[in-house]
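Since the structure comes first, as structure tokens, the remarks are kept for the end.
The values are calculated or read from the model by the stated rules, or taken from the named source; none is laboratory data. Values in this document were obtained by computation on a predicted structure and should not be read as measured data. Every residue, glycine as well, gets a Cβ built from its backbone with ideal geometry; the counts of neighbours run over all protein chains shown. Surface areas here come from the heavy atoms of the whole protein model, side chains and all, with no ligands, DNA or RNA. Shrake-Rupley method; radii C 1.70, N 1.55, O 1.52, S 1.80 Å.
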Amino acid sequence: MHNPLPLWCDQIRAAADQGRVLSVQGQGSKAFHGETPRGEPLSTLGWEGVLSYEPSELVVTVRSGTALDELENLLASQGQCLPFEPPRFGGAPATVGGMVACGLAGPARASVGGVRDYVLGAELINGRGEVMRFGGQVMKNVAGYDVSRALAGSMGQLGLITEVSLKVLPVPPAQSSFVVRMKQAAALDQLQRWAGMPLPLNASTWAPVPAGSTDAAAEGGVSRGEPTDDGYLIVRLRGALAAVQAAIPVMQGHLSASGHSAMPLDEAQARSWWDRCRDQTDAFFTQPPSPQQALWRLSLPGTAPALALPSATLVEWHGAQRWCWAPASNALALRTLAREHGGHATLWRPSLAQPDVDSEVGVFMPLPAVQHRLQRALLAQFDPQGVFDTGRLGLDREPQE
């Protein structure tokens, strides 16, 4: 395979000299995420392949243009996985570089950690056209580890990621999912009680009941209309067989004591549900209540109570992630509510009717002044000429006072 690194270095140096902006791109599976980027495309496609994989060491090193599916298939062949379940979004094949740059994780995030927790090392071309290496290829290596972790969620603004070393884990030997009909507030209370117990709780969602449905979880539909407090708590256990088997009657006993009963999901139902959550292909995410509604993501402490949001809500991560639909004009109210509860609100997808108008409210909440200054200082160290300052992180907006 032709090595494109020297060419990329030359392109970056030329852009720095000429004051041009370059926008790093893979397959574009997450192009919707973040502010609208500016700059000339710089593609990582073709720079693919697994450079090293030691199953016994639980470490894999891959080039940034490698397809995520290819990596996950390789790991699965050895009984291993990326525990944080990076979303694929069901469109263009995701790449490993995009996975790290966007830093997004799936249903198990609250229990196993996020992308940054599994990045051991990385190779990067900075805004000066210099090839830099951080971290290592073993879990004990901590030299430069924080820099490698900082790449997760950097949206390509620290430089061009060329390869990454990732910690992987064995596929849990046992798993089981069940569903129980209960109100959102009761579900959040129960999740908090379970969180303080030694249970193999891996993932959870609370989904509102669709109008006219008697079994939303089994049928795979959730409400997207008026707010409702009635819904289904879906829980997944993962771990050692003995731990999963011991946990099920304990959790069922807790539910029975509060007047609820759990229904087990078979393997096909469970896989379908968790995949739809991971890739956001469920109807809740794909069918807005109206063309004027935008999809909002609220990131909150897991202890936050049920909130009065403007539409039916889908809850993930044991309460730490809430999804709802609302016009972009509700931005201030949603962000104020999220801030009051110790979190933040992100405009995840603009409305179908007026995406350009929606973008005026900003995708991300303004950062506090100190954090904004630190972010800017970090970018200046890696990219003093602003070659990768595409604006996707929204740092051009005024910080929060």
How do the peptides 24-31, 88-95 rank, highest first, by the average count of neighbouring beta carbon atoms within 10 Å per residue? 24-31, 88-95
Give me the three principal axis extents of segment 259-303 from the C-alpha atoms, as integers in angstrom, largest value leading. 37, 29, 20
The chain - percent of accessible surface contributed by carbon and sulfur, probe 1.4 Å: 53
What value, in deg cm²/dmol to 500, does the helix sum -39500 (n - 2.57) over DSSP H runs of n ≥ 4 give at 222 nm once divided by the residues of the chain? -8500 deg cm²/dmol
How much length is gained if the chain between Arg376 and Arg339 is pulled fully straight, taking 0.36 nm per residue apart and subtracting their Cα-Cα distance, in nm to one decimal? 11.1 nm
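So, R0 is 51 Å and r is the distance between the beta-carbons of Asn3 and Lys183; what FRET efficiency does that work out to, to 0.05? Walk me through the intermediate numbers first.
Details: r = 58 Å, r/R0 = 1.13.
Computed FRET efficiency for Asn3 and Lys183 comes out at 0.30.
Over the alpha-carbon set of segment 336-401, divide Rg by the Kirkwood Rh and report the Rg/Rh ratio to two decimals. Walk me through the numbers before you get to the answer.
Working: Rg = 13.8 Å, Rh = 13.5 Å.
My calculation of the ratio gives 1.02.
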Report the extension gain between Arg297 and Ala92 in nm, rounded to one decimal, defined as 0.36 nm multiplied by the number of residues separating them, less their alpha carbon distance. 71.6 nm
Shape box of segment 107-206 [Cα atoms, principal axes, largest first, Å]: 56, 28, 19
Identify which of Glu316, Glu48, Glu57 has the largest mean-square fluctuation in a Gaussian network model of the chain, with springs joining Cα atoms closer than 10 Å. Glu57
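With a 1.4 Å probe and every protein chain left in place, work out the accessible area per residue of the chain in Å², rounded to a whole number. Each step should come with its number before you reach the end.
Working: 17120 Å² over 401 residues.
Dividing the accessible area of the chain by its residue count gives 43 Å².
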Which of rounded, prolate, oblate describes segment 39-176, given a ≥ b ≥ c as roots of the alpha-carbon gyration tensor eigenvalues and a/c under 1.5 marking rounded, otherwise prolate only if a/b is larger than b/c? prolate
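Given axes a ≥ b ≥ c from the Cα gyration tensor, I'd like to know whether the chain is rounded (a/c under 1.5), prolate (a/b larger than b/c) or oblate.
Details: a/c = 2.04, a/b = 1.36, b/c = 1.50.
Verdict is oblate for the chain.
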P(r), alpha carbons of segment 282-401 - 5 Å bins starting at zero, rounded %: 2, 11, 19, 20, 18, 14, 10, 5, 2, 0
Quick one: of the DSSP bridges fully inside segment 277-401, what percent are antiparallel, nearest 5? 95
